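A.B. asks: Here's a structure for you.
The values are calculated or read from the model by the stated rules, or taken from the named source; none is laboratory data. Fair warning: this is a prediction, and the values are worked out from it, not measured in the lab. All Cβ positions, glycine included, derive from the backbone under ideal geometry; neighbour counts span all protein chains shown.
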Amino acid sequence: MSDDMTAAGVTDGDDADDKMLLAELCLMAGIVDPVPPDAIAAARSAFAWRTMDAELAELTGDSSVNPALAGVRGVAAPTMLTFDAPGLTVEVEVLEVAGTRRLIGQVVPPGASAVEVRHRGGVTAAPVDEVGRFSAADIVAGPVSLRCSVGDALVETDWFLA
């Protein structure tokens, strides 16, 4: 087998030709048979409704954007975030631990039965104690959102970078 052949027996040139052909076919399909605008609107609407069963908790506090601390020297402090929804506040501290993240938080008022941490690595369950505290370790760095079960209600936070 020659050096320019891959394990599947396809040369790199063939791969580039395939990509170009696929791009031309996509362009042609868009011209000959475009996606109907109603289908695009329905898809966007369905995506927007994916979390309509949950109340959205809005980010109201973020220690990483506090201008009063600009120019202060020292070790990087953990990020403190506060999310508010009607009748519920979620406070969370994001710590970097050996390349992953650990979230330590509190649901106010207490009464949430569980918090789910949604992140790149999946969903991590974080049980809530009687005073509303929770903790989740080994969270993959990147976008994170919290989903809190409070009785029959669900509250979700905005996505944030952890």
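A.B. asks: On the basis of being modelled with pLDDT of 85 or more and either outside any strand (DSSP E or B) or closer than 30 Å to A141 by Cα (or both), does E58 make the cut?
C.D. replies: no
A.B. asks: Right, something else. Just a yes or no: is a residue in the range 115-132 in the same structural domain as A98 (by TED's automatic domain parsing) and in contact (Cβ under 8 Å) with a residue 60 or more places away in the chain?
C.D. replies: Checked against the condition, which is being in the same structural domain as A98 (by TED's automatic domain parsing) and in contact (Cβ under 8 Å) with a residue 60 or more places away in the chain, the range 115-132 yields no hits at all.
A.B. asks: Here's another thing I want to ask about it. Scan the range 65-79 and tell me whether some residue there is at pLDDT 85 or above and either assigned to a strand (DSSP E or B) or in the same structural domain as A153 (by TED's automatic domain parsing) (or both).
C.D. replies: yes
A.B. asks: Could you say which residue among A162, A141 is in contact with a Gly (Cβ under 8 Å, 6 or more places away or on another chain), of a type outside the set (V, I, T) and surrounded by 16 or more Cβ atoms within 10 Å (Cβ to Cβ)?
C.D. replies: Within the list A162, A141, the selection yields A162.
A.B. asks: Further, regarding this structure: Only one of (1) surrounded by fewer than 16 Cβ atoms within 10 Å (Cβ to Cβ); (2) not in a loop (DSSP other than H, G, I, E, B) is not met by R101, so which one is it?
C.D. replies: Of everything listed in (1) surrounded by fewer than 16 Cβ atoms within 10 Å (Cβ to Cβ); (2) not in a loop (DSSP other than H, G, I, E, B), R101 misses just condition (1).
A.B. asks: Failed condition for W49, given (1) hydrophobic (A, V, I, L, M, F, W, C); (2) more than 22 Å from A153 (Cα to Cα); (3) modelled with pLDDT under 80, with all others met?
C.D. replies: Exception for W49: condition (2).
A.B. asks: Would you mind telling me which numbered condition in (1) surrounded by fewer than 16 Cβ atoms within 10 Å (Cβ to Cβ); (2) in a strand (DSSP E or B) V115 fails?
C.D. replies: Just one mismatch for V115, condition (1).
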